[in-house]
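The values are calculated or read from the model by the stated rules, or taken from the named source; none is laboratory data. Fair warning: this is a prediction, and the values are worked out from it, not measured in the lab. Here Cβ is always computed from backbone atoms with ideal geometry, including for glycine, and neighbour counts include all displayed protein chains. For accessibility, only protein heavy atoms count, side chains too; no ligands or nucleic acids. Shrake-Rupley method; radii C 1.70, N 1.55, O 1.52, S 1.80 Å.
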Amino acid sequence: MKPALMLISFLGVLTPAAALQWPMEGTELLSGFGSPSGPYVSTGMELTGEKGIVRPYQEGEIIYMAPSGIVVLEHDNGFRSCYGRIDPAKDLDNRSYLNEGDILGEAPEGLLFSIRDSRLNRWVNPFYMFSARDDDIRPEVEDVLLRRNDTSFPLSEESSPPAGTYRLLVKISDRVTREGAPLLPYSVKIRYLGQTLFALSLDSLSHQDGKAYFEGAGKIAAQGLFTPEGYLDGGEIIINQGKGLIEVELTDYKGNRTLRSFSLNRR
Amino acid sequence: MSKNSYLLPVLAVFFVLYFLLFPYPVKEEFVLVPERKIPLDSPQGELSSLSGDIEFFQGESRMGYYDDSGRAVVLEGEGRSRISSRFFIEEEGDVLSLHSRSGQDSFPIQTSLSPCLFEDRLLLVDAFQGYISESDRQGRILWDYQLPSLITCLDSRDDLTVVGLLNGEIRLFDGEGESVFTWSPGGSRISAVYGVALSPGGESIALVSGLDPQRFILLEKKENGYRPVFHENLRNSSRESLFLTIDSSRNILLKGEGEGLFYTLNASSLHAFPLPGSFRDGETLPSEGTVYFVSEENGKASLSLYTEGGDLILTNRYEDSAFSLDIRKGKILLAGSKDAYLIGRGFY
């Protein structure tokens, strides 16, 4: 497809989505899509908002309610939105359909929110569904390590690690506001000697045989992708003698981009 | 005196003698005998001793157990506690305490997941994230599985666990957490599973699926997995997880709207038993051929007893709401929001 046609198609997809509203006014994000959460990978995000009032992000039919505070709506486009940790509105028992602006309930402790594409049987990153938020903060590369057995070699702009085979570990974060919680950036690319070593984008999450996989820039197993210390495991890297360059490129949902380069002068 | 004039007194004497000498026994009437009312808001230890056979009870916000001396001990459960015939769980923050039946042994487990106790199996679940795991008493995860959708319902018998999902599929796990069977019923406008139950030994799986219509489906174990052997559209559609259980004789009980629904393997049909109010709980006694239901109307509960054939034996009403029902060793325990009732059964 020609680039111009691709752009038109892309805007065509984005335009109706951009009109959708967050389920809470004045939304602050506490955790993001795909973040490791204990033993599993989060299929949605955690939000707080002014007054704690929750509204459906789009009109839809109530198809499930649980006493544990879960409400699920089915929408015309084949998507289902799931709201967790919610005190449902009193009249919800007698209603089967909610319009935009109707009150779904309250979530004073913070709302769990996720969107599922029933046709593709995948969880979708909710960031795609909503009007863009003001965000001029670039994602951050906090730390980069080479790890072999139990030994770690932190990388600075110029490093001289011993030659050998390592795991490349990267600590990354992205904030929507200065005070906001650290989230995962939308995309991560790691290049070594100009070749892509690792590429991840958080478009959607699928499940197979009890494991979660990020779908986007390829299919990447989500379990084990992060170390217990919160480093992203960028995979195996073989460091030979001579000069080399590792590049870590992060992009957030608003398009803010960070590129960090680490020169290697290998012994 | 004519011959006829003697006949009437002779016949009368004959009938009187007949009824006196050969009395026809009146059929015994089944009755429920209230034995004890246990106030659930009493402080721990203030309750009088009980020597019943029932070990545990559970109300909406309180639960308890009978210790070795027969004393009832009431615990605050805050509605999140779980109970089985062998263990019960208390929750405080992220710490679960798994107690043995005597209340003496306690196993603390640190987790933010919701516990589901099935006899001595402890499943830890995050329904929203579609995550299920099994833990031992030390809190070690024996197996775990991240499912492709929200968990709406689950049941576990022997070493099998079946999970119902909001994407419309059921999934069966063996004792090692291997997914051994998956099935998605169709036929409804909205695909979802609202109730699932396993029979002892895993011979049958019952489920309620879909909206428009909502369907009851029974699967039976065949050579290669399970096959549907019965299905029926339900009159009402529930958007919440439904009460659904299978007893040792593979009779099935499920919640209807203002009625209890009962399926017997022999009749291969689903019968509706009308109830006063909304269905709250139910239990079958296959050895006696009876079915018990608890329903609630205007904040007051009723206990209804039916034969498996659908004949109403009795209905008792109570001045309390939110009852749960437990029948063990001949005793009935009703636990409500304020009181628990220990009820014996007999014939009058």
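Where strands (runs of 3 or more DSSP E) sit wholly within region B:231-348, those with at least 1 residues that are modelled with pLDDT of 90 or more occupy B:244-246, B:252-255, B:259-264, B:269-274, B:278-285, B:290-297, B:300-307, B:312-318.
Annotation note: of A:E100, A:E74, the sole residue that is modelled with pLDDT under 90 and either within 11 Å of chain B (Cβ to nearest Cβ) or more than 30 Å from A:V248 (Cβ to Cβ) (or both) is A:E100.
One line per residue, one yes/no per condition, for (1) farther than 26 Å from A:I137 by Cβ; (2) touching a residue at least 60 places away in the same chain (Cβ under 8 Å):
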site	(1), (2)
A:K219	yes, no
A:G224	yes, no
A:T227	no, no
A:D233	no, yes
A:E236	yes, yes
A:G244	yes, no
A:E247	no, no
A:G255	no, no
A:S261	no, yes
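To keep it simple, each residue is scored yes or no on (1) within 14 Å of chain A (Cβ to nearest Cβ); (2) among the aliphatic types (A, V, I, L, M); (3) out of contact with any Asp or Glu (no Cβ under 9 Å at 6 or more places or on another chain).
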| site | (1), (2), (3) |
| --- | --- |
| B:Q129 | yes, no, yes |
| B:S156 | no, no, no |
| B:V162 | no, yes, no |
| B:G168 | yes, no, yes |
| B:D174 | yes, no, no |
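Here region B:140-163 is the region considered, the condition is being open to solvent by 30 Å² or more (accessible area, probe 1.4 Å) and in contact with a strand residue (DSSP E or B) (Cβ under 7 Å, 6 or more places away or on another chain), and the residue that is farthest from A:W123 (Cα to Cα) is B:R157.
Considering only residues that are under 18 Å from B:T161 (Cβ atoms) and either more than 10 Å from chain A (Cβ to nearest Cβ) or in contact with a helix residue (DSSP H, G or I) (Cβ under 6 Å, 6 or more places away or on another chain) (or both), which ones fall in region B:99-124? Matches in region B:99-124: B:P115, B:C116, B:L117, B:F118, B:E119, B:D120, B:R121, B:L122, B:L123. The C-beta contact set for region B:189-200 (first residue closer than 16 Å to A:D76 by Cα, second residue acidic (D, E), distance under 6 angstrom, 6+ apart or interchain) comprises B:R189/B:D212. Given the condition within 14 Å of chain B (Cβ to nearest Cβ) and assigned to a loop (DSSP other than H, G, I, E, B), answer yes or no: does some residue in region A:226-234 qualify? No; the residues of region A:226-234 include none that is within 14 Å of chain B (Cβ to nearest Cβ) and assigned to a loop (DSSP other than H, G, I, E, B). Here A:T43 meets each of (1) within 11 Å of chain B (Cβ to nearest Cβ); (2) closer than 27 Å to A:F214 by Cβ; (3) part of a strand (DSSP E or B) with one exception, condition (3). Among the residues of region A:83-95, the one identified as in contact with a strand residue (DSSP E or B) (Cβ under 6 Å, 6 or more places away or on another chain), at the interface with chain B (Cβ under 10 Å from one of its Cβ atoms) and surrounded by fewer than 22 Cβ atoms within 10 Å (Cβ to Cβ) is A:R85.
Say we look at region A:152-174 and pick out the residues that are open to solvent by 70 Å² or more (accessible area, probe 1.4 Å) and modelled with pLDDT under 90; which of these is farthest from A:Y231 (Cα to Cα)? The residue in question is A:E158. Residues that are surrounded by fewer than 17 Cβ atoms within 10 Å (Cβ to Cβ) and outside any strand (DSSP E or B) were ranked within region A:192-211; the one that is nearest to the other protein chains (Cβ to nearest Cβ) is A:D209. Of the numbered criteria (1) open to solvent by 30 Å² or more (accessible area, probe 1.4 Å); (2) in contact with a Ser or Thr (Cβ under 8 Å, 6 or more places away or on another chain), the one A:L111 fails is (1).
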